[in-house]
Amino acid sequence: MKSPSLLVLSVAAISANAHYFFDRLIINGTLTEPWEYIRKISARPRTDDAFITDYDYIQPLIDPASGDLRCGRNASVAWNDVKTAVVRAGDTVGFAVNTTVGLPIAGAPINPWDRYPNLYHPGPLTAWLSRSPPSSSSLSTYPGDLPWTKILAVTTRTSQSVPPTDTYTWKHQWGAYQATNWTFSIPASTPPGEYLLRIEQIYPVPVDELQGAQFYVNCAHVRVLGSGAEAKVPEKVYEVDIPGVYHWGQSEIYRWVDVGNESFDIRDWVAPKPDVWLG
């Protein structure tokens, strides 16, 4: 594990990179190794004979009805040797952004965003929990087909937001814009158990532009221990199925919030349901 001081990354050299993923879990300020606690994802399928590169891994999901929306491309079960992080309810966890799995294009230059991966796209950042049933033989085989509860939603700027390095002021309204990592607390009343901890960032795009909304998601394995506070089970109003939480053409996420909408005002944006469960 790396020192917490490594989490403070200079953003002076940040440049534009279209896509990314979250491959490192942060546990109480400590940055873990890539894919140590997080399910690996697959590269996008190719129909040509080109070599697979990093760009194939950082491609976003675009189908809100796909099972990949839970934990990433081909990550419905863990096919790498994922460890389970042991945390207490109330502990601080988080995810760090990356753009490489070590498969650069031969001869390509190292770009600034390779050194300082960041959430280049504007849009909401959320975190979710789904508890593996006690009958499951292993968290690695749990596909996330039981309800999910949202425990974090980042829309507007917060104390964790980083100073933007560009002049696209309408993008600067988003709290996670250009962040290299984000941390948050597991609700103190979370019942003990084994969970998939899911991070999600959405880049809103209209249905008739590019491929529509882009989804960036990954899942960590965590075992939550009691905090000493009374455990509470989230009410049904806070639970959703994934896929099922979004649908194609949904107005909140199929729209421009940057290109072609420089007058965008984040105060007019309505966050998709469900609400955040605080415990």
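The values are calculated or read from the model by the stated rules, or taken from the named source; none is laboratory data. Being a predicted model, the structure only gives us computed values, none of them experimental. Quick reminder, even Gly has a Cβ in these numbers, built from the backbone with ideal geometry, and neighbours come from all protein chains shown.
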Item to check | Lone qualifier among Tyr177, Tyr142 - being closer than 23 Å to Lys236 by Cα, touching a residue at least 12 places away in the same chain (Cβ under 8 Å), hydroxyl-bearing (Ser, Thr, Tyr) and crowded, with 22+ Cβ neighbours inside 10 Å | outcome: Tyr142
Checklist entry - Looking at Val259, Val237, Val233, Val245, which one is in a loop (DSSP other than H, G, I, E, B), farther than 14 Å from Arg131 by Cβ, at pLDDT 90 or above and among the β-branched types (Val, Ile, Thr)? => result Val245
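State yes or no: is Ser42 at negative phi, modelled with pLDDT of 75 or more and in a loop (DSSP other than H, G, I, E, B)? Steps first, please.
Values: at negative phi: yes; modelled with pLDDT of 75 or more: yes; in a loop (DSSP other than H, G, I, E, B): yes.
Answer is yes for this residue.
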Checklist outcome for this item: Given (1) touching a helix residue (DSSP H, G or I) at 6+ places or on another chain (Cβ under 8 Å); (2) modelled with pLDDT of 65 or more, Trp35 misses just (1)
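Among the residues of region 189-202, are any in a loop (DSSP other than H, G, I, E, B) and at pLDDT below 95?
Step one: of region 189-202, the residues in a loop (DSSP other than H, G, I, E, B) are 189-192.
Going one step further and asking which of them are at pLDDT below 95, we end up with none.
No; the residues of region 189-202 include none that is in a loop (DSSP other than H, G, I, E, B) and at pLDDT below 95.
Any residue at all in region 144-164 that is in contact with a His (Cβ under 8 Å, 6 or more places away or on another chain), among the basic types (Lys, Arg), at pLDDT 95 or above and closer than 30 Å to Asp265 by Cβ?
yes
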Checklist entry - Of the residues in region 124-152, how many are part of a loop (DSSP other than H, G, I, E, B) and of a type in the set (A, V, I, L, M, F, W, C)? => result 1
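Condition check ((1) buried (at least 23 other Cβ atoms within 10 Å of the Cβ); (2) among the basic types (Lys, Arg); (3) within 12 Å of the chain's Cα centre (by Cα)) across all residues:
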{"position": "Val162", "(1), (2), (3)": "no, no, no"}
{"position": "Thr169", "(1), (2), (3)": "no, no, no"}
{"position": "Thr190", "(1), (2), (3)": "yes, no, no"}
{"position": "Glu194", "(1), (2), (3)": "no, no, no"}
{"position": "Leu197", "(1), (2), (3)": "yes, no, yes"}
Checklist entry - If you scan region 203-213, which residues turn out to be part of a loop (DSSP other than H, G, I, E, B) and either surrounded by fewer than 23 Cβ atoms within 10 Å (Cβ to Cβ) or small (Gly, Ala, Ser) (or both)? => result Pro206, Val207, Asp208, Glu209, Gln211, Ala213
Item to check | Residue ID - nearest to Pro206 (Cα to Cα), chosen from residues in region 224-270 that are touching a helix residue (DSSP H, G or I) at 6+ places or on another chain (Cβ under 8 Å) and charged (D, E, K, R) | outcome: Asp258
Next on the checklist: Out of Tyr254, Tyr216, I need the residue that is outside any strand (DSSP E or B), touching a Phe, Trp or Tyr at 6+ places or on another chain (Cβ under 8 Å), buried (at least 16 other Cβ atoms within 10 Å of the Cβ) and not polar (S, T, N, Q). Which one?
Outcome noted: Tyr254
Item to check | Which numbered condition Val77 misses (of (1) crowded, with 18+ Cβ neighbours inside 10 Å; (2) in contact with a Ser or Thr (Cβ under 6 Å, 6 or more places away or on another chain); (3) not polar (S, T, N, Q)) | outcome: (1)
Next on the checklist: Take the conditions modelled with pLDDT of 95 or more, among the hydroxyl-bearing types (Ser, Thr, Tyr) and more than 17 Å from the chain's Cα centre (by Cα) and apply them to Thr47. Does it pass?
Outcome noted: no
